[in-house]
Amino acid sequence: MSGSGDTGSGDIGVRPLFSAEEICARVQDLAREIAASEPQALLAIIVLKGGFVFGADLIRALALNGVSLEIEFISLSSYGSRQRTSGEVRVVRDIEVPVAGRDVLIVDDVLDSGLTLKFARDLMQSRGARRAAIAAMIDKPAGRRADVEADYVGFTCPDYFVVGYGMDAAHAYRELPFVGVLEAAASEPR
Ligand code: IMP
Ligand code: MG
C-alpha cells in the first residue's frame with residue numbers, strides 16, 4: 001500500500017474519485033428516493049456486466065427501505081473492448097419475463113453517450129412497461145449523444161474513463177470497491 005488513504009486502492013494506477021464509503025451513502029440516498037416514488041410490482045433490470053455491483057447494492061438498499069422487487073438481467077453490447085461506442089446497440093442476452101404493466105428500473109454503471117440506456121428504456125417502453133426509470137451510478141453528461149437522462153444518478157463526473165465498482169477497462173478493475181480514473185488516462189482528456 002502506498003499513500004492512497006482509506007480507499008484501499010493500493011498501488012494499482014487508479015486514482016480514486018469516489019470512495020467506497022461515499023458510494024455506500026449515495027446508494028442509500030438513491031434507495032430512499034426510489035422508495036418514495038412508491039414503485040408498483042417493481043422489476044429491477046440490471047444491465048450486465050457493468051451494472052452488477054451497483055445493482056447488488058441498490059436492491060438491498062431498496063429492501064431496507066421496504067421496496068420488494070424482482071430482478072432480471074440484460075446484456076447489451078455497446079463498447080466491445082474499445083473505449084468509444086460504435087453507436088450500435090444490440091441485445092446479447094434478454095430478460096426472461098414480460099414487463100407489460102410493470103414499473104421497471106433499469107440499473108447500469110455509466111450513462112455516457114446514452115445510446116445503451118436509451119435503447120434499453122425504449123425497448124421496455126415498447127414492451128408496455130408502465131414506467132421505465134433509469135438508475136446510473138455515474139453520469140458523464142459531456143459524452144451524451146442520445147436524448148436520454150437518468151431518473152436516479154449516483155455521481156456526475158467529468159469525461160474521464162472511470163473504473164471500479166463494476167466498471168472495467170478492457171475487462172479489468174471491476175472488482176475495485178471504489179470508482180477511480182486510470183492514472184495514465186487521467187491526464188489525457190478523451
Ligand atoms: P453509453 O451507451 O455510451 O452511454 O455507454 C454505456 C456503457 O459503456 C456503460 O454501461 C459502460 O458499460 C460503458 N462505459 C461508458 N463509459 C465508461 C467508463 O468511463 N468506464 C467504464 N465503462 C464505461
Ligand atoms: Mg455497461
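The values are calculated or read from the model by the stated rules, or taken from the named source; none is laboratory data. Computed from a prediction, not measured in an experiment: that's the story for all the values here. Note that we place each Cβ from the backbone using ideal geometry, even for glycine, and neighbour counts take in every protein chain shown. To get the accessible areas, we keep the full protein, side chains included, count just its heavy atoms, and leave off ligands, DNA and RNA. Shrake-Rupley method; radii C 1.70, N 1.55, O 1.52, S 1.80 Å.
Structure above, values below:
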{"quantity": "Test result for Ala120, open to solvent by less than 50 Å² (accessible area, probe 1.4 Å), within 14 Å of ligand 2 (Cβ to nearest atom) and either closer than 23 Å to Arg102 by Cβ or at pLDDT below 95 (or both)", "calculated": "yes"}
{"quantity": "Qualifying positions in the range 99-117 - part of a helix (DSSP H, G or I) and open to solvent by 10 Å² or more (accessible area, probe 1.4 Å)", "calculated": "Leu115, Thr116"}
{"quantity": "Hey, Ala142 over 19 Å from Ala61 (Cβ atoms) and assigned to a loop (DSSP other than H, G, I, E, B) or not", "calculated": "no"}
{"quantity": "Single condition Val53 does not satisfy, out of (1) away from ligand 2 (no atom under 16 Å from the Cβ); (2) farther than 20 Å from Glu96 by Cβ; (3) among the hydrophobic types (A, V, I, L, M, F, W, C)", "calculated": "(1)"}
{"quantity": "Pair list, Cβ under 9 Å, 6 or more apart: the range 88-112 residue free of Cβ contacts under 8 Å to residues at least 40 places away in the same chain, other residue among the β-branched types (Val, Ile, Thr)", "calculated": "Val89/Thr116; Val91/Ile74; Val92/Ile74; Asp94/Ile74; Asp112/Thr85; Asp112/Ile138"}
{"quantity": "Odd one out for Val148, checked against (1) part of a strand (DSSP E or B); (2) within 10 Å of ligand 1 (Cβ to nearest atom); (3) in contact with a Gly (Cβ under 9 Å, 6 or more places away or on another chain); (4) not acidic (Asp, Glu)", "calculated": "(1)"}
{"quantity": "Lone qualifier among Glu72, Glu96, Glu38 - being assigned to a strand (DSSP E or B) and either at pLDDT below 95 or more than 13 Å from ligand 1 (Cβ to nearest atom) (or both)", "calculated": "Glu72"}
{"quantity": "Selected residue [at pLDDT 95 or above, basic (Lys, Arg), surrounded by 15 or more Cβ atoms within 10 Å (Cβ to Cβ) and closer than 21 Å to Val153 by Cβ] from Arg32, Arg26", "calculated": "Arg26"}
